Amino acid sequence: MAQAAAVRRIRLRPWGPQLSESLEVALDAHALLGECPVWDDRTETLLWVDIHRNEVHRFSPSTGSDQRVLLEATPGAVALRAGGGLVAAVGMGFGELDQDSMVYTEWQRVARGDRMNDGACDPAGRFLAGTLTEAQIPGAASLFALDPVSRQVREILPGVTLSNGLAWNRDGTTLYFVDTVLERIDAFDYDVGTARLSARRTVVNLQDAAGRPDGLCIDSEGNLWVAMAQGRMIRCYGTNGRLLHLVRVPSPIVTSCTFGGPGLADLYITTGEWPASTDQLRRYPHAGAVFRLAGTGSHGLPAHRFAG
């Protein structure tokens with residue numbers, strides 16, 4: 001079990017009045033590529049993965065402990081299961097992490113892309129996760145859905161290059177999705193009964209923003225919080241696409257975010273050291289940390305759980 005470093009408070013440059021509180025290092029993890037934070041409201045812990053170290057982590061803010069499991073293949077994403085344990089997108093497939101042993105068992109493999117990347121569960125309890133190609137070959141990856149009953153996998157969005165952040169609005173009728181190389185957040189009409197996507201449109205264009213969009217989350221008011229890889233920030237957009245807040249993060253690689261803590265009122269932010277330069281790591285000694293921001297004035301939505 002790894003021990004958390006002492007918390008260090010870092011002042012933000014607030015974009016709006018709600019972001020006047022401190023950003024703090026919740027866990028000085030020095031992750032190579034921290035990703036996919038998920039708040040477990042049953043245990044009050046934060047799940048996250050270090051992709052390039054093949055690790056799945058469970059961090060307890062109340063105790064400072066950070067438990068980790070080493071896998072044989074690269075974990076792109078994990079999600080909570082309704083019956084306990086975790087479902088995961090690992091290597092080029094989907095499977096489970098046993099609740100007690102934390103041994104990974106693969107259920108299904110996919111055929112498009114080089115490895116699994118970001119993922120999340122939908123309101124019906126499916127697990128959606130996509131792939132990427134290391135060479136970022138246009139259209140060579142896809143977004144997939146794992147059915148909780150049959151455990152069969154279906155390709156629901158082909159022609160993806162670097163599948164990333166996923167989030168649903170409160171009633172599940174809209175899916176927000178990031179294909180990083182397109183540098184935008186797209187929305188789809190989402191059929192919760194079938195996981196069918198339609199009416200694709202761009203809701204936030206990020207081509208002129210610093211960095212490229214990575215993981216994202218949604219708050220209870222429908223605002224989108226998106227991590228900007230190599231942009232050192234989280235950007236928050238309202239339902240009308242207007243920029244509401246900018247959270248500056250002292251790490252060259254900012255990968256994803258989620259709400260957690262009491263009342264889902266704290267924003268947890270994952271970061272990475274890779275592929276930062278030696279000079280960047282010298283200037284940002286907390287690169288790869290899990291950061292926490294309190295006092296955003298926003299609250300998250302509980303994470304959906306895999307129904308299988």
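The values are calculated or read from the model by the stated rules, or taken from the named source; none is laboratory data. Note that the structure is predicted; figures quoted are calculated from it, not measured. When we count neighbours, we look across all protein chains shown, and the Cβ atoms used for this are built from the backbone with ideal geometry, even at glycine. Heavy atoms of the whole protein, side chains included, go into the accessibility calculation; ligands, DNA and RNA do not. Shrake-Rupley method; radii C 1.70, N 1.55, O 1.52, S 1.80 Å.
General observations
- When R170 is tested against (1) outside any helix (DSSP H, G or I); (2) open to solvent by 20 Å² or more (accessible area, probe 1.4 Å); (3) of a type outside the set (F, W, Y); (4) more than 22 Å from A79 (Cα to Cα), just one condition goes unmet, and that condition is (4).
- Among the residues of the stretch 124-157, the one identified as in contact with a strand residue (DSSP E or B) (Cβ under 6 Å, 6 or more places away or on another chain), under 21 Å from S198 (Cα atoms), part of a loop (DSSP other than H, G, I, E, B) and without any contact (Cβ under 8 Å) to a residue 60 or more places away in the chain is G139.
- Scanning the stretch 254-283 for residues that are touching an Asp or Glu at 6+ places or on another chain (Cβ under 7 Å) and over 14 Å from V25 (Cα atoms) returns T255, S256, F259, G260, L281.
- Segments classed as strands (runs of 3 or more DSSP E), wholly inside the stretch 213-286, with at least 3 members that are of a type in the set (S, T, N, Q) and open to solvent by less than 30 Å² (accessible area, probe 1.4 Å): 253-260
- Residue pairs meeting the criteria (Cβ under 9 Å; at least 6 apart or on separate chains; first within 18 Å of W274 (Cβ to Cβ), in the stretch 13-31; second in a strand (DSSP E or B) and at pLDDT below 50): L27/A2; A29/A2
- Condition broken by R200, with the remaining ones in (1) part of a strand (DSSP E or B); (2) in contact (Cβ under 8 Å) with a residue 24 or more places away in the chain satisfied: (2)
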